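For reference, the structure discussed in these notes is given below.
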Amino acid sequence: MKVKSSTYLQQVKPLLKELLDSLLKKYRYVSILASDSKAMIYSVSKRGTVVSEEPLLSGRGFVAKIYDGTSYGEYSFNNITKELLPEILRKIENSLIPLKNTLPAGIDIISYDELKDEALTFHESTQYQESLTDMGSEKIISQLTSLSEEGRNYNPSILDCSAGLRFQEYHKLFLSKGKDMEQDVLWTTGSLMVMVSKGEEIKYYFKGYSNLGGSEILKDMKEGLKETADCALALLDSEPIIPGEYDCICPPEVTGMIVHEAFGHGVEMDMFVKKRALAEKYIGEYVASPLITMHDGGIAAEETATYFFDDEGIPAKDTVIIEKGILKRGISDSQSAMYLGTEPTGNGRRQSYERKAYTRMTNTFFEGGHDKVEDMIASIQYGFLLDNPSSGMEDPKNWGIQCMVNVAREIKDGKLTGKIFSPIVLTGYVPDLLKSITMVSEEKELGGGGFCGKGYKEWVKVSDGGPYIKAKIRLG
């Protein structure tokens, strides 16, 4: 089934068009983004049950963007009626006084060209099997409670099993002189976290789930519960690793973390504008193995970061960032693209209607290759299969990377020995790591359980992934 339109946005659309027409009488370019979103969080563990609306992802509101011939200004508001229209127009006029009139003497404002406003009219929706809204909170909590209890009863060494679910259903409408676009999207994420103990030692194993859909994800969680518990229990016999550089195999989850942290942030082109990304100097050069092709885009894959147009009204794209090892281009919002003289890639995203649009990743991944996973393992004399990523940090200015994974499975003489090392810190210089990739599996997978911040704030939904890759990686 397709996600239905927002009744609210359909009701206010005529008023938004009236506001748009009024503003276009004075300003050369005007756009209005309207959003209507609902998001919920569910969690069950030994500590209790949580059911709450997600304030970061819920709400209704609007943002008007206006060009005065020199610069752009924005005004956000959260209510519109026929009676409020004159007041909204007055507030927009008062709020968007040209910046040059308020700047201190001696400081010049950068002049921007007018945004292209090609004629586009469409209405797109994602699909689902069963809506979590229709399913209802009581049934959702019942199923999560069953998962949590089953996990806690699996083994005496298990202290707790947390089962969680989160979903967002959002609707967006973008209007300008040339555009009338609507999109309706539903994504769902799930999580299982098993905590175990032996004496005073406590370990945990986390497994995330995601889809561009609805409650069908609960079936995947039930099927994955035993494996999650077994992996947590195995960590009780893990050992610290001897720091060094090793031949490693990264499954899609770890590949995704490397893609996101190593090269995703580094090619966000608003960082090019601020001279905070080394990647700008390497366009057209080899930055990875010729086996690597990297994509990003709202329509590049079907996962939680999928959409049909960005928050600046640019249709979503599938952008090839690295092609056979060569850095081809970055990703951008419309303002950064205009400043740099490039075409926007549809990556202008807002945390909410109250926030500025920044260049942000969407579905970011490496293409699959031609190798079999069993052949990749067999090719390693001594090394590790890395598993269960937990966190990562990047340094776009110097191309450094530091990531955490929970598990390193030992490989000796081409076979997994069953021995586990934990925890693991993965570090390195991004081009060295990516150029060391010598094998890439046929299969690839994306996961969209997480959010991405711009620095320490401005959170948006992202997904990442790819194939299994074999590379030289420094572990500690």
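The values are calculated or read from the model by the stated rules, or taken from the named source; none is laboratory data. From a predicted model like this one, the values you see are computed outputs, not experimental measurements. Here Cβ is always computed from backbone atoms with ideal geometry, including for glycine, and neighbour counts include all displayed protein chains. Side chains included, ligands, DNA and RNA excluded: accessible areas come from the protein's heavy atoms. Shrake-Rupley method; radii C 1.70, N 1.55, O 1.52, S 1.80 Å.
Is it the case that some residue within the stretch 192-205 is within 30 Å of residue 314 (Cα to Cα) and either open to solvent by 30 Å² or more (accessible area, probe 1.4 Å) or hydroxyl-bearing (Ser, Thr, Tyr) (or both)? Among the residues of the stretch 192-205, not one is within 30 Å of residue 314 (Cα to Cα) and either open to solvent by 30 Å² or more (accessible area, probe 1.4 Å) or hydroxyl-bearing (Ser, Thr, Tyr) (or both), which makes the answer no. Would you tally the residues in the stretch 330-352 being open to solvent by 10 Å² or more (accessible area, probe 1.4 Å) and closer than 29 Å to residue 211 by Cβ? The qualifying residues number 6. Checking each residue in the stretch 348-366 for being in contact with a Gly (Cβ under 8 Å, 6 or more places away or on another chain) and either over 21 Å from residue 466 (Cα atoms) or not aliphatic (A, V, I, L, M) (or both) picks out 352, 353, 354, 357, 358, 359, 360, 362, 363, 364, 365, 366. Every listed requirement among (1) modelled with pLDDT of 95 or more; (2) over 23 Å from residue 34 (Cβ atoms) is met by residue 340 save one, (1).
Could you tell me how many of the residues in the stretch 38-56 are over 16 Å from residue 191 (Cβ atoms) and crowded, with 20+ Cβ neighbours inside 10 Å? Qualifying residue count, the stretch 38-56: 0. For the stretch 159-179, a residue qualifies if it is part of a strand (DSSP E or B) and closer than 19 Å to residue 114 by Cβ, and the qualifying residues are 174, 175, 176, 179.
Across the stretch 57-67, the qualifying residues are those that are open to solvent by less than 60 Å² (accessible area, probe 1.4 Å) and out of contact with any Lys or Arg (no Cβ under 7 Å at 6 or more places or on another chain), and the one among them that is modelled with the lowest pLDDT is 57.
Is it the case, given these coordinates, that residue 438 is out of contact with any Gly (no Cβ under 7 Å at 6 or more places or on another chain), free of Cβ contacts under 8 Å to residues at least 40 places away in the same chain and of a type in the set (S, T, N, Q)? Against the criterion (out of contact with any Gly (no Cβ under 7 Å at 6 or more places or on another chain), free of Cβ contacts under 8 Å to residues at least 40 places away in the same chain and of a type in the set (S, T, N, Q)), residue 438 does not qualify.
Within the stretch 449-456, not a single residue is buried (at least 21 other Cβ atoms within 10 Å of the Cβ) and charged (D, E, K, R). Residue 81 meets the conditions (1) at pLDDT 95 or above; (2) touching a strand residue (DSSP E or B) at 6+ places or on another chain (Cβ under 9 Å) in every case but one. The failed one is (2). If the condition is being in contact (Cβ under 8 Å) with a residue 12 or more places away in the chain and open to solvent by 20 Å² or more (accessible area, probe 1.4 Å), then the stretch 83-96 contributes 89, 91, 95, 96. If you check residue 209 against the conditions, is it hydroxyl-bearing (Ser, Thr, Tyr), touching an Asp or Glu at 6+ places or on another chain (Cβ under 7 Å) and more than 18 Å from residue 291 (Cα to Cα)? Yes, satisfied. For the stretch 401-428, the candidate set comprises residues that are hydroxyl-bearing (Ser, Thr, Tyr) and at pLDDT 95 or above; within that set, the residue that is surrounded by the fewest Cβ atoms within 10 Å (Cβ to Cβ) is 417. Residue 262: touching an Asp or Glu at 6+ places or on another chain (Cβ under 7 Å) and either under 23 Å from residue 476 (Cα atoms) or open to solvent by 30 Å² or more (accessible area, probe 1.4 Å) (or both), yes or no? Spelling it out, residue 262 is indeed touching an Asp or Glu at 6+ places or on another chain (Cβ under 7 Å) and either under 23 Å from residue 476 (Cα atoms) or open to solvent by 30 Å² or more (accessible area, probe 1.4 Å) (or both). Screening the stretch 198-212 for residues that are in a loop (DSSP other than H, G, I, E, B) and on the phi < 0 side of the Ramachandran plot and picking the one that is modelled with the lowest pLDDT gives 200.
Note on the stretch 239-256: residues that are open to solvent by less than 20 Å² (accessible area, probe 1.4 Å) and either within 19 Å of residue 451 (Cβ to Cβ) or assigned to a helix (DSSP H, G or I) (or both) amount to 4.
In this structure, residue 195 does satisfy being in a strand (DSSP E or B), in contact with a Leu (Cβ under 8 Å, 6 or more places away or on another chain), in contact (Cβ under 8 Å) with a residue 12 or more places away in the chain and within 24 Å of residue 424 (Cβ to Cβ). The residue of the stretch 106-133 that is nearest to residue 40 (Cα to Cα), among those that are among the charged types (D, E, K, R) and touching a residue at least 40 places away in the same chain (Cβ under 8 Å), is 130.
Only one of the numbered conditions (1) of a type outside the set (A, V, I, L, M, F, W, C); (2) modelled with pLDDT of 95 or more; (3) surrounded by fewer than 18 Cβ atoms within 10 Å (Cβ to Cβ); (4) assigned to a loop (DSSP other than H, G, I, E, B) is not met by residue 154, and that is (3).
Look at the stretch 342-367: where a residue is over 30 Å from residue 442 (Cα atoms) and without any contact (Cβ under 8 Å) to a residue 40 or more places away in the chain and a partner is open to solvent by less than 40 Å² (accessible area, probe 1.4 Å) and among the polar types (S, T, N, Q), sitting 6+ places away or on another chain with Cβ atoms under 6 Å, you get 344/332; 344/334; 348/334. Need the failing condition index for residue 460 against (1) modelled with pLDDT of 95 or more; (2) closer than 24 Å to residue 234 by Cβ; (3) not hydroxyl-bearing (Ser, Thr, Tyr), just the number. Among (1) modelled with pLDDT of 95 or more; (2) closer than 24 Å to residue 234 by Cβ; (3) not hydroxyl-bearing (Ser, Thr, Tyr), residue 460 violates only (2). Set side by side, the residues 220, 180, 160 differ, and just one is at pLDDT 95 or above, surrounded by fewer than 22 Cβ atoms within 10 Å (Cβ to Cβ) and touching a helix residue (DSSP H, G or I) at 6+ places or on another chain (Cβ under 7 Å), which is 160.
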